[in-house]
1. Residues being over 36 Å from the mean Cα position of the chain (by Cα) and either over 30 Å from B:T31 (Cβ atoms) or modelled with pLDDT of 95 or more (or both): count how many of those fall in region A:537-570.
2. Could you look through region A:484-511, keep only residues that are under 19 Å from A:R572 (Cα atoms), in a loop (DSSP other than H, G, I, E, B) and acidic (D, E), and pick out the one that is farthest from ligand 5 (Cβ to nearest atom)?
3. Given the residues A:A482, A:A525, A:A452, A:A521, which is the only one that is surrounded by fewer than 19 Cβ atoms within 10 Å (Cβ to Cβ) and either aromatic (F, W, Y) or more than 14 Å from chain B (Cβ to nearest Cβ) (or both)?
4. Among the residues of region A:382-399, are any under 25 Å from the mean Cα position of the chain (by Cα) and polar (S, T, N, Q)?
5. Do we have any residue at all in region B:119-132 that's more than 16 Å from ligand 1 (Cβ to nearest atom) and closer than 22 Å to B:M237 by Cα?
6. Given the criterion aliphatic (A, V, I, L, M), touching a residue at least 60 places away in the same chain (Cβ under 8 Å), within 8 Å of chain A (Cβ to nearest Cβ) and surrounded by 19 or more Cβ atoms within 10 Å (Cβ to Cβ), identify the matching residue among B:A48, B:A34.
7. Given the criteria part of a loop (DSSP other than H, G, I, E, B) and farther than 20 Å from B:H10 by Cα, does A:P514 qualify?
Amino acid sequence: MEPTVTEDPEYFHKVVNCQYACPAHTPVPAYIRLIAAGRHTEAYMINWEANVFPGVLGRTCDRPCEPACRRGRIEKDEEPVAVCRLKRVCADLKGDVKSLMPEIPKKKNGRRVALIGGGPASLTVARDLMPLGYTCILFDNQKRGGGMMRSQIPSFRLPEKVLDEEVGYITDMGVDAHFNQDVTSMKEMLARDFDAVFVGTGAPRGRDLDIPGRQEADKQIHIGIDWLASVAFGHIASIGKRVIVLGGGNTAMDCCRTARRLGGEDVRVVVRSPFKDMKASPWEREDAEAEDIPMFENHVPKEFKMKDGKVVAVMFEKVRAVYDDKGKRTLVPAGEAPVVMECDDVLMAIGQDNAFPWIERDIGIDFGKWDLPVLDKKTFQSTLPKVFFGGDAAFGPANIITAVAHGHQAAISIDIFCRGKNLSDRPHPAVTLVSQKMNVHEWSYSNDVSGADRFAVPHADRKKTLKDMKMEVELGFDVKAACAEASRCLNCDVQTVFESGRCIECDACADVCPMSAITFAENGAEDDLRGRLNAVSDNRGQTLFVSPALPTGRVLVKDEDVCLHCGLCAERCPTEAWDMKKFLYTAPKTACFKKTETPENEAA
Amino acid sequence: MSYIIPRFRHPCTVPNDIGYTRQDYEGALSTLCAGCGHDSISAALVQACYEMSVAPHLVAKLSGIGCSSKTPAYFLRQSHGFNSVHGRMPSVATGAYLANRDLTYLGVSGDGDTASIGLGQFAHVMRRNLNMLYIIENNGCYGLTKGQDSATADVGSKTKHGQANVFSPIDPAGLALNIGATFVARSFSGDKAQLVPLIKAGLHHPGFALIDVISPCVTFNNIPASTKSYTYTREHMTAADVVDFVPAAAKYGADGAIDVKMPDGATVKLRRLPDHHDPRNRAAAAAAVLAAQERGEVLTGLIYIDTGRPDLHAMLETTETPLRALDEKALCPGARALDAVNRNAR
Ligand SMILES: Cc1cc2nc3c(=O)[nH]c(=O)nc-3n(C[C@H](O)[C@H](O)[C@H](O)COP(=O)(O)OP(=O)(O)OC[C@H]3O[C@@H](n4cnc5c(N)ncnc54)[C@H](O)[C@@H]3O)c2cc1C
Ligand SMILES: Cc1ncc(C[n+]2csc(CCOP(=O)(O)OP(=O)(O)O)c2C)c(N)n1
Ligand code: SF4
Ligand code: SF4
Ligand code: SF4
Ligand SMILES: [Mg+2]
């Protein structure tokens, strides 16, 4: 293999598994260390800079960082660090943060940007553009900002106060927000004097199911996302005792748990597919099951049974999943008798679609597959140069953190566009790499990793939470648990940096490494080399580090996959060929932050 | 301060035949200098014992004094250990071996411990063909006392703070051949591919097995003017053979190698390199060692092996039952038995 180019910021970035997996590339280990040190305000600001909604995300994020977390791989049955719930801790315990946020120039730069939709994508664009002097004019058809964070995510998962606070940080920057205002024509928008238009209108249309009985039973059958929005805005406050929720995603989980709180006693979730193909996050499913909500798999709804003009039951056909050699699934009838489940109400949570009836098709904005806009994947620019898309509106429904990541990129594009520059000339990530060595056996981070199991977040008493729609179920970690959980983090951002010129090939690092991550070997092609390392090396997702040739002609190979970042290799190296260096990767954004040192580096 | 041993090991590590993981063969955190060759030898011992499924509680580690002699603390934490007096490990080993012939004896010594202060004991333990593996961690100096020349330092070689050595060096391998050791090998701490199979073979050898391991002292004797440095050893090392150790149960095909059978059914396979001697021929082995010396080469590999010679217990015709397992009556048969012995001696 060719020697690894560690100067490429993406090499070490990839080693920080959590940060790399985060769509907004939040510097996770950096904020976890600050939480362990009790420095919650700084931890919050690191988050806020990267992901804009730490308090919201600390409760609701889809947390792609956690399945990626190295901690979950270093031993059988080991679980990832509770990255997401630690984020909540810094949001809960922070001090004043407003004074740390960028100042908004009194004198505007004269550019006006329209933001359509008030969800996380549009709000991120505003957050990134306001500090540069842009005038942002936001339109949303709901009564307050936040988009689906407000209309869909129930308050027992996300208290209104938390959402208001973080939406407020942005609207308080002086965004010219127009709520309760439905945008009905893009043509009209374009006729106004906006320098650019950002579309962040989400994927607002819930899917329906056209089976016998559907038309007649309209009153008792509700589209999940519309129903949740009606609950959120106080239009609906009760539901029948027996509720069937159709669908196996997170929307289904929110529907069934909400139904339990509005009077549903026998609430059940019925899924077409086998459980293992269910889309809901495992933790959302667990929380629903803990509220006595049974789930049924392999049941395909066939008919709404009516009596006296009312739905009394749903009839299902039982199926079996068959997979072809490409893994493609088909559901085939199991040949059993149909199952009939009685009910008073049905909630349909079987998916969401994009809908842009308000964008005229003759104004230069092209639409492609599934009626999604044709976009440049990097710049989020549509075929009409001054119009940009982001969030669920761009590529279909995803999640908040993805909407935020889109927002950052769209803001960069809008800023470049308004300055008349080339959109593909984008800012680079900012990186720093700083030695953590304090003394022969002393590092400025704690390399003695805790062996504790993952800590569970305590829940409020179920008897109370099921009675009160607004009462938050999760209580969050207290300071002690937060420190203990934070200590489980391996500090994957503290990189093992190897300087081949200093190596005398004494084997000390390879000998001491508890994870057998280091091998001196004859060079070879990747497959061959992986097969000759000191330990099994089968995670192709993690790039191997290969040194330049050493004096014996061999190379040093480090498999980063399960490195503990314990620093023992560097401690045992007689020539300081290894060093432990803290790598801080700041994903590209507009110049909305004055580039000072990050709080962590300042104090360290 | 981070004198730590993390709890975690690679998730794919598997237990060996007797259910132990590699971690079960480790010891305390080493306090040797970072980069010391001795630590690599400890790692090789851990690997060999894990792979051979040695039962840790049936091993006795014995050593003298020196950085090298400290290392038994850093591997096989569940084994017996005796850190004895400088240069006197052989007599302690002899006593232990006589009392309990059932354990596996592993001696760890330094070049000072063996060839300087301990030369007398070293010679006699070889004469007796004590069934043990004796490892010399040879760095050409007294590491523990800050790097004075030892008896294995080559003429002209210099340590970090010293002057060129003027005294003729003792070659432990040459000496061992001369005195009658039945397994003589040399290796290098930086070459585990060779060292690990040699350790396995040495542990199986039914008699005295010596491995003289060049093991650089990074702190005092790893300078360009030293002949026991990493660089010098790599540049001057020649291998007599490619050694492979095959446990009794394993099957292997004939591939032109020399197979040396061990009494327990295991095999040492040697692929001879061109122009090298047959390690079963003592005279040829001695000649090869001398010839390499003349050429300024460090001859490594299995230099000599004879698995047919009786060990100490066989020579003394002692009982099969370890002495420590005999009861008082058997051990002290009383005045009448003593009289009989004495009568025989008159
Ligand atoms: C039930 C449910 C639960 C969810 N839970 C989670 C979760 O726990 N974690 C997570 O990460 N994600 C969750 N999501 C997904 C997440 O809410 C969305 O991915 C995210 O909010 C998308 O952000 P956005 O900015 O693209 O659009 P949205 O948040 O959808 O905001 C778009 C806004 O634009 C408004 N709008 C639309 N059209 C117009 C128009 N023509 N004129 C004016 N305004 C308009 C909409 O009313 C809305 O306010 C959930 C989604 C649902 C349905
Ligand atoms: C009887 C006695 N004499 C002298 C010493 C001092 N001493 C301690 S270690 C040592 C030399 C050790 O050299 P070596 O065996 O080569 O071990 P190394 O430290 O090089 O591994 C000496 C002379 C001692 N401990 N005991
Ligand atoms: S151990 Fe810490 S730094 Fe490493 S991936 Fe997990 S959260 Fe991130
Ligand atoms: S930091 Fe070094 S010694 Fe520790 S696990 Fe990683 S490679 Fe091994
Ligand atoms: S002094 Fe030399 S022999 Fe002793 S531990 Fe240090 S490097 Fe090893
Ligand atoms: Mg020595």
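1. Residues of region A:537-570 that are over 36 Å from the mean Cα position of the chain (by Cα), as a first pass: A:548-555.
Subsequent filtering for residues that are either over 30 Å from B:T31 (Cβ atoms) or modelled with pLDDT of 95 or more (or both) retains A:548-550, A:553-555.
Total satisfying the criteria: 6.
2. A:E499
3. Details: A:A482 fails: surrounded by fewer than 19 Cβ atoms within 10 Å (Cβ to Cβ); A:A452 fails: either aromatic (F, W, Y) or more than 14 Å from chain B (Cβ to nearest Cβ) (or both); A:A521 fails: either aromatic (F, W, Y) or more than 14 Å from chain B (Cβ to nearest Cβ) (or both).
None of the other options fit; the residue is A:A525.
4. Yes: one or more hits.
5. Step one: of region B:119-132, the residues more than 16 Å from ligand 1 (Cβ to nearest atom) are B:119-132.
If we keep only those that are closer than 22 Å to B:M237 by Cα as well, we get none.
Scanning region B:119-132, I find no residue that is more than 16 Å from ligand 1 (Cβ to nearest atom) and closer than 22 Å to B:M237 by Cα, so the answer is no.
6. On the way: B:A48 fails: within 8 Å of chain A (Cβ to nearest Cβ).
Exactly one of B:A48, B:A34 is aliphatic (A, V, I, L, M), touching a residue at least 60 places away in the same chain (Cβ under 8 Å), within 8 Å of chain A (Cβ to nearest Cβ) and surrounded by 19 or more Cβ atoms within 10 Å (Cβ to Cβ), namely B:A34.
7. Values: part of a loop (DSSP other than H, G, I, E, B): yes; farther than 20 Å from B:H10 by Cα: no.
Spelling it out, it is not the case that A:P514 is part of a loop (DSSP other than H, G, I, E, B) and farther than 20 Å from B:H10 by Cα.
Per-residue answers, yes or no, for (1) within 11 Å of ligand 1 (Cβ to nearest atom); (2) surrounded by 15 or more Cβ atoms within 10 Å (Cβ to Cβ):
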position: A:D140; (1), (2): yes, yes
position: A:K143; (1), (2): yes, no
position: A:R150; (1), (2): yes, yes
position: A:I153; (1), (2): yes, yes
position: A:P159; (1), (2): no, yes
position: A:E165; (1), (2): no, yes
position: A:G168; (1), (2): no, no
position: A:T171; (1), (2): no, yes
position: A:A177; (1), (2): no, yes
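The values are calculated or read from the model by the stated rules, or taken from the named source; none is laboratory data. Note that the structure is a prediction, hence the values are computed from the model and not measured. Positions of Cβ are generated from backbone atoms using ideal geometry, with glycine treated the same way; all protein chains shown enter the neighbour counts.
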